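Just below is one structure, and these are the notes that go with it.
What follows is calculated from the coordinates using simple rules that are stated; it is not laboratory data. The structure presented is a predicted model; accordingly, all values stated were derived computationally and were not measured. So basically every Cβ, Gly included, is an ideal-geometry build from the backbone, and we count neighbours across all protein chains shown.
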Amino acid sequence: MHPKIAASLLAPVLALALLAGCDRPDSAPAAVVPDVDTLALVNGVPITRSDVFAYAGLEAAPGMPGPENVLEELIRLELLRQEALAQGIDREEDTRLILRNIEMNLLASQVIERRTEAMRFSEAEIQAEYEAQIAAYGSTEFRARHILVDGEVAAAELIVALDGGADFAELAATHSLDDSGPDGGDLGWFTSGQMIPSFTDAVTALEPGTYTAQPVETRYGWHVILLEERRPIEAPPLASVRPQVEEVLQARALRAYMDELRAAAQIEFPLRPEQP
């Protein structure tokens, strides 16, 4: 397992090791004969070299002793685990629910990790996805300002003020509900793929130095938009974005896999009212 992945799974593994009473005895254990992999016995419960390296997120080497500080930490944790079992904490409902969720997340992450590692994409698939992403991203960058208000009438009144010679940046600073208001509504440079379609459509229809003649509606409210500049952008070569393209393909494949699992499963909702 990759060290970063092991580190990310550390907390769930730790919690399971602390309280999963079915894995290690909670009473006086029978005599244990240590093997070459056993680094310590805590009330008869072995802590092995594999335990130490897994906890540290490292790959174990044959015959290599584990880090001493990690071994001491695991000894303390094992003592606390045994005390938790002695107090019956592992049998409490809240604890059982937490352990179940940890187990579910850990096992699910393992399925996803192994599924992802087994994925292979052809050059044709990678090239096609690269071209699709480039097309969606756009070949032009825009720099624009906008004023966001909560009503069409308010936006229309701002356009009338602009027609009368009002300064766009000053109106944005005074009236815009967006965080860009104090900066005169400046949105910086962006591509068509970075904005909501209706906003993008309005921007691409403008010439530099002009603003929208009609208010533009998005889910955020009503906008008045001023296009300041536009410039062409060069697509990055496939070699420089190949990992990102493969991540897109992996995410899509995982969604399809989840859809297959759900379609093959019997899922019921007994507490939901029956649909008419």
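A simple count of charges around Phe121, restricted to other residues whose Cβ falls under 12 Å of its Cβ and scoring Lys, Arg +1 and Asp, Glu -1, yields -2. Only one residue of Ile112, Gln133, Thr95 has its Cα farthest out toward the positive end of the dipole of the range 60-146, where Lys and Arg carry +1 and Asp and Glu -1 on Cβ, and that residue is Gln133.
Share of pairwise Cα-Cα distances greater than 20 Å in the range 85-214 is 66 percent (whole percent). Here each label is just a point 7 Å from Cα along the line to Cβ, and for Asn105 and Leu261 those points are 1.6 nm apart.
Computed extension length for Arg96-Arg76: 5.0 nm, one decimal, from 0.36 nm per residue of separation with the Cα-Cα distance subtracted.
In this label model, Leu177 and Glu268 are separated by 4.6 nm, measuring between points 7 Å along each Cα→Cβ vector. Positive-end ranking of Ala265, Leu158, Ala239 along the dipole of the range 138-276, with charges on Cβ about the Cα centre, is headed by Ala265. Computed about the Cα centre, the dipole magnitude for the range 61-210 is approximately 640 debye when only Lys and Arg (+1) and Asp and Glu (-1) carry charge, each at its Cβ. Between Ala136 and Asp163, the simple spin-label model (points 7 angstrom out along Cα→Cβ) gives 3.9 nm. Put the Cα centre of the range 230-263 next to the Cα centre of the range 123-186 and the gap is 27 Å.
Over all other residues within a Cβ to Cβ distance under 11 Å of Ala169, the charged ones net out to -4, with Lys and Arg as +1 and Asp and Glu as -1.
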